[in-house]
Amino acid sequence: MTVSPDEELLRRYLGGDRSAFAALVQRYQGPLLHFVLRQVRNQATAEEILQEAFVRVVLGLNDFKRESRFSTWLYTIARNLCTDELRKQKHRRHPSLDQPDGRRGDEAEGPSLGERTADRQRDTEREATQTELRARIEKALDLLPDEQREVFVLREVSGLPFKDIAEITGVSENTVKSRMRYALERLQAALDEYQSYAREVSDA
Amino acid sequence: MDCNTAQSLMMDELYGELAPAESADFHRHLSGCAACDRDFRGFERVRSEARVPAIEVPQGLTDRIMARVDATPRVAPLRSRASRVLSTAGAWAMRPQTAMAAVFLLMVGSSAWLLRRQGEGHNAPAIASERGLPLAADAPQGADGDGFDVEAARGAHGMGGERLRAGPAATAAPPYPQAAQASRKSAAADSYTFDDAPAAPAAAAPAEAKASARSEVSAEREATGGARDFAGAMQTYRSGAYDDATEQFDALAKQGDQQAALMAARSVRERHGCKTAVTRFDHLASSSLGTPAGNDATLDAALCYRRLGLIESSTQRLQRLLAYDGYAARARTEIETNRRILVARREGNALADSASSSQPAAAAGGGASVHASEPPAAKPAAPAKSKAAETPPALR
């Protein structure tokens, strides 16, 4: 069974095949949700943005005839919605000074990303190490400058080529690649730090 | 390969974006360069050890998304496609003599044809499409419906009606804003002055359709529950209530929605024409430089300038789009159309001038610069904006 390219699914949807669009949603919702969640850091908001993004795809379908890929278009819509949302949040509230990580105020709702990706209670020691590592990576990702994290997620999670990322983020390919490099270097530093810490602990 | 090159290609190779030959060169360099090799291996290690923790997709997300999608109004794309084909065809057919004749015929036959068209809905070809008719309840034309339009044709022949009729032209190269006004006043019966957004077509349109579209909007809102603001505004736009649509989109734009800002500008264009809307497009183009919304706005601005007869301003904006992959091909096509318009305009001027034999022909030869016919006064605030707009995106 061959996999239909995006454009064909869109064509079928335009011809009345609702399931074709559902297939498109299934294809993209995972990586898109990840991308959005890493920016807005809130499950409910992220889902709302995802829904709105696909709605805008439908609304703009008749006008979508550019040379860009569908995925580029979809991510661009989602990215714009994230930007709008973050700008809205910035205007609505001041950064919370009493929160340990004072950068975002939306953590009150639902478990944090770190907690969502692991269940600490049932871990064996080895798993505990893995859990700790994952938590560290999460933290390092979270501490990346927005524009570096964005490129990193688009490349590593969504698997988009640098050319597409450049189009989505509106900067040159060279800028994208240098941001990617900076992101990797920071993660490398966090990894090195963790590994020397882990060594200390096991030596003790 | 030297270190500088290897370093600059490192990310490409890391993610498999290098062609085989280049990749081989790269690895050959690594085998002889400890520093680059160490860098590259380090990156490979990070990628494999610092795997990004996966995020689970919540149950039923697809269903929830599809529920919203199902509730979203869709429109048949037929008109857009037909318009596009005919726009291209129209542009290609636009050689000076045939274009002149065609425009003359169109003008003569236009009124009766337009009145007939109002009841036809989606079948009208783009060549005579009247953007001033607000009840075209179909997909927003965006920047696509204007590939070839009559305003451009008029511009090509030195403000149309005046030249084609008998008598010498009043001036050799009139400043365009003034000329536009003069031709508009004297050609009151000319139904192509749709930049005036005459109330007549709007009023003549069946009130019924508008009413049913409105009730659709409120039903839509109830059905989906809560404010589906953007979708609601789009529905308002499609129903032809452009003033309302402008208001709704502006409200969203105030909250930072750039796509809404673009749609607001388009609503203004539908309601009040290019002369009013072009400022909005320019503003959005420069404030959202490099983003899709900004690029769309740049394209819309360019097409509006063309419609206003300001070809050089139009081309200026199109040239900015050449840097963006998704827009370059379109920009090139439109720049070529502009070039043809200027050529036709020059030849039209030459013909009219020789008929009146009063002033020296304006650059009738092929060697003249295409910018000769557009006086500096005709650039509304373009210089300051274009400077800012030409700042490379990397500085953002």
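Scanning segment A:31-52 for residues that are among the charged types (D, E, K, R) and free of Cβ contacts under 8 Å to residues at least 24 places away in the same chain yields a count of 2. Flag: B:Thr62 does not match the condition of being of a type in the set (S, T, N, Q), touching a Leu at 6+ places or on another chain (Cβ under 9 Å) and over 23 Å from A:Pro161 (Cβ atoms).
Against the list (1) more than 19 Å from B:Gly256 (Cα to Cα); (2) away from chain A (no Cβ under 13 Å); (3) over 13 Å from the mean Cα position of the chain (by Cα), the condition B:Cys274 fails is (3). Counting the residues of segment B:249-271 that are away from every other protein chain (no Cβ under 14 Å) and of a type outside the set (A, V, I, L, M) gives 5. Checking the structure you have, find out if any residue of segment B:278-285 is of a type in the set (Ser, Thr, Tyr), surrounded by fewer than 24 Cβ atoms within 10 Å (Cβ to Cβ), modelled with pLDDT of 90 or more and assigned to a helix (DSSP H, G or I). For segment B:278-285, residues of a type in the set (Ser, Thr, Tyr), surrounded by fewer than 24 Cβ atoms within 10 Å (Cβ to Cβ), modelled with pLDDT of 90 or more and assigned to a helix (DSSP H, G or I): present. Residues in segment A:134-163 that are farther than 24 Å from A:Arg27 by Cα and either facing chain B (nearest Cβ under 8 Å) or crowded, with 19+ Cβ neighbours inside 10 Å (or both): A:Arg134, A:Ala135, A:Arg136, A:Ile137, A:Glu138, A:Ala140, A:Leu141, A:Leu144, A:Gln148. If you go through segment B:7-51 and keep only what is away from chain A (no Cβ under 13 Å) and either small (Gly, Ala, Ser) or touching a Ser or Thr at 6+ places or on another chain (Cβ under 9 Å) (or both), you end up with B:Ala19, B:Ala21, B:Ser23, B:Ala24, B:Asp25, B:Phe26, B:His29, B:Ser31, B:Gly32, B:Ala34, B:Ala35, B:Asp37.
Where helices (runs of 4 or more DSSP H) sit wholly within segment A:5-71, those with at least 3 residues that are under 15 Å from the mean Cα position of the chain (by Cα) occupy A:18-40, A:43-60. Does A:Glu8 fit the bill of being more than 10 Å from every other protein chain (Cβ to nearest Cβ) and acidic (Asp, Glu)? Yes. Checked against the criterion of being modelled with pLDDT under 85, part of a helix (DSSP H, G or I) and of a type outside the set (Lys, Arg), the candidates B:Ala112, B:Ala67, B:Ala35 yield just one match: B:Ala112. Within segment B:329-341, being small (Gly, Ala, Ser) and either surrounded by 15 or more Cβ atoms within 10 Å (Cβ to Cβ) or more than 11 Å from every other protein chain (Cβ to nearest Cβ) (or both) holds for one residue alone: B:Ala331.
On the stretch given as segment A:172-190, residues that are free of Cβ contacts under 8 Å to residues at least 12 places away in the same chain and either touching a Gly at 6+ places or on another chain (Cβ under 9 Å) or within 9 Å of another protein chain (Cβ to nearest Cβ) (or both) total 7. Among residues of segment A:11-30 that are at negative phi, those with a Cβ under 6 angstrom from a residue that is assigned to a helix (DSSP H, G or I) and of a type in the set (Ser, Thr, Tyr), sequence gap 6+ or separate chain, pair up as A:Ala20/A:Tyr13; A:Phe21/A:Tyr13; A:Val25/B:Thr62; A:Gln26/B:Thr62.
In segment B:199-259, counting only helices (runs of 4 or more DSSP H) that sit wholly within it, the ones holding 3 or more residues that are among the charged types (D, E, K, R) and modelled with pLDDT under 50 span B:207-224. I'm checking my understanding of the structure. Among residues of segment B:277-295 that are facing chain A (nearest Cβ under 10 Å) and touching a Ser or Thr at 6+ places or on another chain (Cβ under 6 Å), which one is nearest to A:Leu74 (Cα to Cα)? Step by step, filter segment B:277-295, then rank; the result is B:Pro292.
Out of segment A:67-90, which residues are crowded, with 17+ Cβ neighbours inside 10 Å, at the interface with chain B (Cβ under 7 Å from one of its Cβ atoms) and within 12 Å of A:Glu7 (Cα to Cα)? Hit for segment A:67-90 is A:Ser68, nothing else. For A:Arg18, the test of being of a type in the set (Lys, Arg) and either closer than 17 Å to A:Ser71 by Cβ or more than 9 Å from every other protein chain (Cβ to nearest Cβ) (or both) is failed. Can you tell me which residue within segment B:57-76, out of those that are more than 7 Å from chain A (Cβ to nearest Cβ) and of a type in the set (D, E, K, R), is nearest to the chain's Cα centre (by Cα)? Restricting to residues being more than 7 Å from chain A (Cβ to nearest Cβ) and of a type in the set (D, E, K, R), the top hit is B:Asp70.
The values are calculated or read from the model by the stated rules, or taken from the named source; none is laboratory data. Just so we're clear, the structure is a prediction, and the values are computed from it rather than from any experiment. Please note: Cβ atoms are built from the backbone with ideal geometry, for glycine as well, and neighbour counts cover all protein chains shown.
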